[in-house]
1. Among the residues that make up the range 56-72, is at least one of them modelled with pLDDT of 95 or more, buried (at least 16 other Cβ atoms within 10 Å of the Cβ) and in contact with a helix residue (DSSP H, G or I) (Cβ under 6 Å, 6 or more places away or on another chain)?
2. Which ones in the range 224-248 are more than 20 Å from residue 165 (Cα to Cα) and in contact with a helix residue (DSSP H, G or I) (Cβ under 7 Å, 6 or more places away or on another chain)?
3. Filtering the range 144-170 down to residues that are under 20 Å from the mean Cα position of the chain (by Cα) and over 21 Å from residue 92 (Cα atoms), which residue is surrounded by the most Cβ atoms within 10 Å (Cβ to Cβ)?
4. Being over 30 Å from residue 65 (Cβ atoms) and within 15 Å of the chain's Cα centre (by Cα): is that true of residue 183 here?
5. Just name the residue that is surrounded by the fewest Cβ atoms within 10 Å (Cβ to Cβ) out of those in the range 200-214 that are within 20 Å of residue 133 (Cα to Cα) and touching a residue at least 24 places away in the same chain (Cβ under 8 Å).
6. Look through 251, 284 and report the one residue that is touching a residue at least 60 places away in the same chain (Cβ under 8 Å), closer than 20 Å to residue 187 by Cβ and either touching a helix residue (DSSP H, G or I) at 6+ places or on another chain (Cβ under 9 Å) or buried (at least 18 other Cβ atoms within 10 Å of the Cβ) (or both).
7. Give me the residue from the range 180-199 that is in contact with a helix residue (DSSP H, G or I) (Cβ under 9 Å, 6 or more places away or on another chain) and in a loop (DSSP other than H, G, I, E, B) and, out of that set, surrounded by the most Cβ atoms within 10 Å (Cβ to Cβ).
8. Which members of the range 238-248 meet the condition of being free of Cβ contacts under 8 Å to residues at least 12 places away in the same chain and surrounded by 12 or more Cβ atoms within 10 Å (Cβ to Cβ)?
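The values are calculated or read from the model by the stated rules, or taken from the named source; none is laboratory data. Note that this is a predicted model, so its numbers are computed, not measured. In this analysis, Cβ positions are derived from the backbone assuming ideal geometry, glycine residues included, and neighbour counts consider all displayed protein chains.
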């Protein structure tokens, strides 16, 4: 099936549709992603406090160019190649699947869909298919670690391992690194409102750890992305001071479908620039990276 044929069928097989995510796919210019997102009923009242969260479904309207920009950034950072064998562990209703499919296809690489029976413990699938790039939520690695399946050298074919969607425990990242000694380990972060992922932290020695949490920092912003920390009045805060993480730049969504009030609340204009309020408590450390304290 061609990319154009696939994109035309997405409204039928999923609750989100993507058209023209890459210049070679389709003609229409926007994509609509329906996601499960955090709606804030209270504002951030100070360092150490978090907003109350209610979960509901919203349509996030992302420009096709924002998605294409995301794909270009990931392609450049992870160097997808035509001979790569890339996992698809994300459901089509999860925005991580944008990376799985479109970054892979843009490189002409092979996409290997993980069977439902192996999603929780994909070690055998990785080995049998000699995958070179793995992308999933950190929970998958945590389960493999608990099952003692992350033995040193278990995944020699992997050259790039990406985790996103949840905090990544440092101990789990290090265990995965030992199991995939030829791979870099990446921790991606980003809400759908900023088109899938917008910051990244690579596992290093020593690792950049969020204090008192044991998780990798979310790192630095992608090219074309700006990040900052603000207080409850949306005043910018200095380095090392905790506040709400806000994000701006080329990947920013238009807003929420048919919800102008929520769009205005979550996408404020500060000093002439439009931002997205993530609701995540974070700070910028001395290296310029952003550990998240939620």
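1. Looking for residues that are modelled with pLDDT of 95 or more, buried (at least 16 other Cβ atoms within 10 Å of the Cβ) and in contact with a helix residue (DSSP H, G or I) (Cβ under 6 Å, 6 or more places away or on another chain), one finds at least one in the range 56-72, hence yes.
2. Scanning the range 224-248 gives a single hit, 224.
3. 168
4. no
5. The extreme case among them is 203.
6. Within the list 251, 284, the selection yields 251.
7. 195
8. Answer for the range 238-248, where residues must be free of Cβ contacts under 8 Å to residues at least 12 places away in the same chain and surrounded by 12 or more Cβ atoms within 10 Å (Cβ to Cβ): there is none.
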